[in-house]
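One structure is given here, and the rest of the page talks about it.
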Amino acid sequence: MSAPGAVLACGRSLAPLVEQVAEGQPTVDPEHQAECRHCREALVELEAIWSEVGELAREDVRARSDLVAAAMHRIRTVPREREPRPLSASQVRPPVATHGARHALLEGSGGSTRIAAGVLAAIAGAAAVAIPGVRALVGDRSAEPATHVELDGMSVAITLELEAQLGPPLPALATAVRAAVLAELVAQAGLADVIVHVVVANVADAR
Amino acid sequence: MRRHESAAYRVAVRMLGRPADAEEAVQDAFVAAWRALPGFRAQSRFSTWMHRITVNRCLTVIAGRRVLAAPLSGAEADPGHGPLEAAAAREGTRAVTAAIESLTPEQRAPFVLRELEGLSYDEIGEVLDLSPAAVKGRLHRARLELVEAVRPWR
């Protein structure tokens, strides 16, 4: 046997033999197979391989016993969503108001990189709405921009207005949003100096 | 949840090799499933849906690994030291385990679901978002690749 699509020395293709063994399909060409040494050798090898596959399938693979408990613990610490929340287009690129420069400027030796304020707002918005307890950016619901970006070279001050879920403490939520937005802006946009202001502009019940 | 735990873990460990990665993927999958439960519609069986979430999580982990491991790609060429080695408890299944690991994730997923978990083509199609015919095609290529990959071990 050789490469996939291989042809045996007798001129028959290996592929139907593989299906014959793997799926237990009836022999396509019983008369030839009964006679042909090459086909029989290939079948013996394939049967051996599939018996190992079967052995592997029967192997008792068990997760450690506290795996479900660990997942349940994580679930208890994360509020449940009423329904899955796909990112809307406006969350990907929220309405943004810029102050100062309209691009972040990253100087390099071979040329400069400029990143539009709207891109920074999109990165920040996506990071913010991924935090459990953040229901939306306020700009999703109104014409007013939810995100203000103030730029000076590699420094950015970003203000996010958001709608929180009613219930959990808001200062902790703001801290989590700040940390996530900061991490994403540093990692994705390469900014050196990031200030994140969080404005909790609305709260709403999960229902 | 416990009922689906072992199936999810089995799939994850075959997809990812390292038990620690599989544990994390299964936890992520359970958390994701729990959060998305209100969106679950009984069009498919819960177990199929759970497989779908687990396999997608595994594919994401593998995609992330590729990025991280890119500069070290030379190391992948050695079939003898793959992470699945640790998962293969028995000598007899070592070759098959290593060969499964050598499949592309796109081939590995249907192979694991069909040959190790015994799902039907229709169920695998639901898990992977493929038509049963496409599942059949991928599975066929995966089997041929596996036969090739097993040979150096035998």
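All of the numbers you see were taken from the coordinates with simple rules; none came from a lab. Only a predicted model underlies this, so the values are computations on that prediction, with no experimental measurement involved. We place every Cβ from the backbone using ideal geometry, glycine too, and count neighbours over all the protein chains shown.
The table for this structure:
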{"item": "Full-extension gain in nm, A:A101 to A:A179, via 0.36 nm per residue minus C-alpha separation", "result": "25.7 nm"}
{"item": "Mean-position separation - Cα centroids, segment A:145-207 and segment B:93-150, in angstrom", "result": "44"}
{"item": "In nm, spacing of pseudo-spin labels at A:A187 and A:R40 (7 Å Cα→C-beta vector)", "result": "6.1"}
{"item": "Nitroxide proxy distance, nm - points 7 Å out along Cα→Cβ at A:A69 and B:S6", "result": "1.9"}
{"item": "Potential extension, A:A48-A:D60 segment - 0.36 nm per residue separation minus Cα distance", "result": "2.3 nm"}
{"item": "Theoretical gain in end-to-end length, A:L166 to A:A9 [0.36 nm per residue, Cα-Cα removed]", "result": "49.2 nm"}
{"item": "Estimated inter-spin distance, B:S47 and A:I195, nm [label 7 Å along Cα→Cβ]", "result": "5.8"}
